[in-house]
Structure formats: structure tokens, C-alpha cells
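> I have a structure here, written as C-alpha cells, and I will follow up with some questions on it.
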Amino acid sequence: MKSFVVVANRLPVDASPGGLVTALEPVARNAGGAWVGWGGTPDEAAEPFDHDGVHIRPVELSAQDVDRYYEGQSNSTIWPLFHDGVEPAVHHREWRVAYEAVNRRFAEAAADVAAEGATVWVHDYQLLLVPGLLRAARPDLRIGFFLHIPFPPVELFMQLPRRTEFVRGLLGADLVGFQQPLAAQNFLRLTAQLLGLHPDGEHVEYEGRTVTARAFPISIDAAEIDALAADPEVLAEAERLRKDLGGDRRLLLLGVDRLDYTKGIDQRIEAYGELLADGTISNDEAVLVQVATPSRMRVAQYQQLRERVEREVGRINGEYGDVGRVPLHYLFQSRTRAELVALYLAADIMLVTPLRDGMNLVAKEYVAARRDHGGALVLSEFTGAAAELTDAFLVNPYDVDDVKRGITAAIAAAPDDLTARMRRMRERVLEHDVARWAREFLDALT
Ligand code: ADP
Ligand code: G6P
């Protein structure tokens, strides 16, 4: 039995990268509690075990669960709807049924490992019903919930079938955390609209309890990135990358994302292609490296995105490349954290252009890596990170001209200006790191 329990769809032990595990892993390691989650492989039975001081309690998902709960309701219904509907959300009754059944299994596993009066912290859109299910089984617990992705505007949320049940699910928590203040307000408005509750400031009374909804913008383990950026091997790798890509004569632009349609990867590549086409930059002067981790590859929209991106990469390299030198390197691969930091250090301009993103940790990692105060960040206005990294070159990713303007402004900026911007952004990220985020959330909860 543990007095602190994290509940998330993923466990911190599989190789699939993403913001949730990156952020939570150091938090759980320090707290030394239990972590309830799925191991990432269908039909895999696993016994509880200990990993890095965390007690791991795997939840088993059948192939059908993966199909309906994970790829279906979580990633084809809720994910697109909560990201502004940038791809149409798909709705199926049997996905909702599976989602509830799997949420119930997570709640049961959490109830099973949580000690009397324990603090249980539930995470993200795959588990919206867990706080309510857990509250019903274990009224003694302190229950927190954090949503890592955006919470949609009220009008969009209203499209979700069985929407009231999701709101009730979240109201099972004592504290519901969001990335942005507006998201917390949207949620509170929905409690009034759908349940006739009377929110007062950040609080709302529900079934005899007070539920608080507030923004807690997430962050990274900045000290870890900072330390990697000082590692001689990482520095040597950054040097090698620059040399291989053309040395100081060639400006290095970089994108690092999960291959996801919310990330604005095609918009970014389109802007870069236009800069080559109109002669603003040439293959001799610049190169773009795009690292895209395979993600949710059995979901149709992700396969279509992959095809679109690969076609466009081929077109651009075919049109503007030369023997032995191409303007765009596309890596459909995952990289270690050390390799990512080497890329961050090598890059003159980091391109982070999501159409919508709860936070975007890549932007913060880039900033944390630049101990040299070098580099420039081109950042979408529609990321949570934009609220904090106001010294980035902010762009509207829907407007190709604006993305091009952001890139050319970063290219043309005076070195002093870039250094001052990076210094301020770094101060912000180093101070507001993930440990502080977790402390603030858990202090408010307990
Ligand atoms: P999301 O959570 O939507 O994937 P974030 O930018 O918030 O987006 O977090 C992504 C995390 O995954 C970051 O920690 C980043 O370093 C990591 N990541 C992204 N792309 C790769 C990659 N190609 N290889 C390894 N890690 C990656
Ligand atoms: C985002 C979500 C996480 C998710 C991650 C990777 O960060 O907020 O909940 O774990 O993407 O996606 P995946 O589907 O591979 O878990």
C-alpha cells in the first residue's frame, strides 16, 4: 500500500516518448510512490515490480481495448476534439463503452495500491472518468487530476456524446489542474451549463465537496537538460552534427516532434519549401532537420499525415537538393535525450509550430539546453509554452506567410537581441521547472 499514487495511461518504462512521461518520471522518482499504467503492449500480462524507486502496477489491455479505448475513444475522439478539432473527431458507441470499462480497471488498480487517506494523482484525457470512479470506491482518498492537453472551448466540448459523464468524472477529484487559466474557466462554465452547479471563482460545490479548478502550467526537468548540455560527449556530438551538415556556412533549422497532426509539421515544411522557392534561403545556406517520432501509427489520421509529410519532403529535396547535399533531412525515428540535446545545441533556429498544444515541452527543452544563450526559437502562439516564452518569435501556424516571417525575423535578428531573448527565456524555464510544478499542484491538493 502506498501513500502517493500516480495513475496514467502510460508507464514510465516503455520506449514511447511523450510529454506526460517525460514530465512525470522525475516527479514519481522523487516521491517514491506507486504508478498505475499500461505497459504499451496489447494482451501482455505483467506482475507489479519496482523500477527506479517507483512501485509499478501494470494494467493489462487486450488488443480490443487498445483498438477501442486507446486508438478509438482516446485518440480518435477526445484527442482531436480537445485540440480544436484540427482533425474531425470520430464517435462510436462501442469505443465509449470500452473507455468506461478500461477507466474502471485503472480506478480499481489505483484503489488496490492506495493506502488509507493516500494522495492519488490521475493524469490526462485517457482517464477522464477515473476520478469519479475512484471517489465512489474510496471516499477516503485525496484525488487530484491533471489534464496535459488543452481543454476545448465550451461549444466544442458540447459536441462530445455523453459529455455530462465526463464532467462528472472530473468532478470526482478535489483538484482539477489544467495548462491554462482559460481551460479551467471553460471547465467551470460547463459544470454550470450541464449540471446547474454554481462555480464561485476557482471553486465549485459538488455532492457536498468543494472541487477546485486551476491552471498549473507544466514544465521539464530543466537541470537534467542543462547538465546534458554541458556534457563533453554531447558537445562533441553537436559539433559533429554541425560539421556534417555544412558547418558554419549553413544555418541549421530543427523540428522535433511526435509525428502528430496537431504539431503543424506539414505547415512548417510548407513554409520552408516556400522560402527555398522564393529564394529567401538556398540549399547552400540552410538545412532543415526534422525528427519525427512514430506515434499512434494504427490510427488513420496519423498514417495520412505520415504520407503527406514524406511526399512533401521528397518533393522539396527533389526540387532544391544537390548530389551530396539536401535542404531537408527527415528522420522518422526516436532519439535518446542526449542525442536530442546535441541537436538542440547544434540548431540555429528551433521550429515549434503546433496548431494547438497544451504546453509543448520541446520548446522548453530547447531553451534549457542553450546554456550558451545561442539559437532562436520560432514558436506557435497556440501552444501553452507561448504564454511563458514571450521572447520567442511567435507565429500563427495557420498563416504560412507568418511562419515565413517568423523564420526570416529569426535569421535577420542581431546577435545581441537573440542572446538577450534566450537569456530571459532560460531564466524562466530553469526557475519554473517540473519539480516546482508538481510541488505547486500537490501543495494545493493536500
Ligand atoms: P507531446 O507530449 O504531445 O508529445 P511535448 O513537446 O510536450 O509533446 O513532449 C514531447 C516529449 O517527447 C519531449 O520530452 C521530447 O523530447 C520527446 N520527443 C519528441 N520527439 C522525440 C524524438 N524524435 N525522439 C525522442 N524523444 C522525442
Ligand atoms: C501526449 C499525451 C500523453 C501521451 C503522449 C504520447 O503527451 O498528453 O498522455 O502519453 O502524448 O502519446 P501515446 O499515445 O504514445 O501515449
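Derivation of every value follows stated rules applied to the coordinates shown; laboratory data play no part. Everything numeric here is computed off the predicted structure, so don't read it as measured data. Here the Cβ is made from the backbone with ideal geometry for all residues, glycine too, and neighbour counts use every protein chain on show.
> Could you tally the net charge around Leu343, taking each other residue with its Cβ under 9 Å from the Cβ of Leu343, Lys/Arg +1 and Asp/Glu -1?
Residues close to Leu343 contribute a combined charge of -1.
> If you don't mind, there's one more thing I want to ask. In region 271-364, which trypsin sites (Lys or Arg not before Pro) fall in coil by DSSP and have 14 or fewer other Cβ atoms within 10 Å?
Answer by residue number: Arg298.
> About the Cα centre, and with charges only on the beta carbon of Lys, Arg (+1) and Asp, Glu (-1), how big is the dipole of the chain? Nearest 20 debye, please.
560
> At 7 Å along Cα-to-Cβ for each site, give me the label-to-label distance between Arg240 and Met1 in nm.
In this crude label model, Arg240 to Met1 measures out at 5.3 nm.
> Moving on to the next point. Cα centroid distance between region 79-154 and region 390-435, in Å?
35
> Where does helix 400-412 land angle-wise versus the long Cα axis of the chain, in degrees 0 to 90, nearest 10?
Taking Cα atoms only, the helix is inclined about 60 degrees.
> For region 59-119, list log₁₀ I(q)/I(0) at each q in 0.25 Å⁻¹, using the Debye formula over Cα point scatterers of equal strength and ignoring solvent, two decimals each.
-0.93
> Another one. Report the percentage of all Cα-Cα pairs in region 39-153 whose separation exceeds 17 Å, rounded to a whole percent.
Here the tail beyond 17 Å accounts for 60 percent of pairs.
> Which whole number of Å³ per residue matches the convex hull of the alpha-carbon atoms in region 113-258?
Dividing the Cα hull volume of region 113-258 by its residue count gives 179 Å³.
> Suppose we look only past 12 Å in the calculated P(r) of region 174-215. What percent of the Cα-Cα pairs does that tail hold?
Roughly 52 percent, rounded to a whole number.
> Another question, if that's okay. Note the full-extension length gain between Glu307 and Asp14 as 0.36 nm times their separation in residues minus their Cα-Cα distance, in nm to one decimal.
Stretched fully, the Glu307-Asp14 segment lengthens by 102.9 nm.
> Extension gain Asp52-Asp112, at 0.36 nm per residue separation less the Cα-Cα distance, in nm?
Going from the current span to full extension adds 19.5 nm.
> In region 79-144, which chymotrypsin sites (Phe, Trp or Tyr not before Pro) are in a loop and have at most 14 other Cβ atoms within 10 Å, using DSSP for the loop call?
Sites meeting the loop and neighbour criteria: none at all.
> Please report, to two decimal places, log10 I(q)/I(0) for the chain at q = 0.10, 0.11, 0.12 Å⁻¹ as given by the Debye formula with identical point scatterers on the Cα atoms and no solvent.
-0.72, -0.86, -1.02
> Continuing with the same structure: Report the calculated FRET efficiency for Glu319 and Glu285 (r = Cβ-Cβ distance, R0 = 25 Å), to the nearest 0.05.
Calculated transfer efficiency: 0.95.
> What are the equivalent ellipsoid semi-axes of region 306-446, built from the alpha-carbon gyration tensor (square roots of five times its eigenvalues), in whole angstrom, biggest first?
29, 18, 16
> Below 8 Å between Cα atoms, with a sequence gap of 6+, how large is the relative contact order for region 382-435 in percent?
39
> Another question, then. Please work out the Cα center distance from region 196-254 to region 326-349, rounded to the nearest Å.
17
> Which angle between 0 and 90 degrees, to the nearest 10, do you get for helix 19-31 versus the longest principal axis of the chain when only C-alpha atoms count?
It works out to around 60 degrees.
> Further question on the same structure: For Ala28, what charge total do you get from the other residues with a beta carbon under 13 Å from its beta carbon, if Lys and Arg give +1 and Asp and Glu give -1?
0
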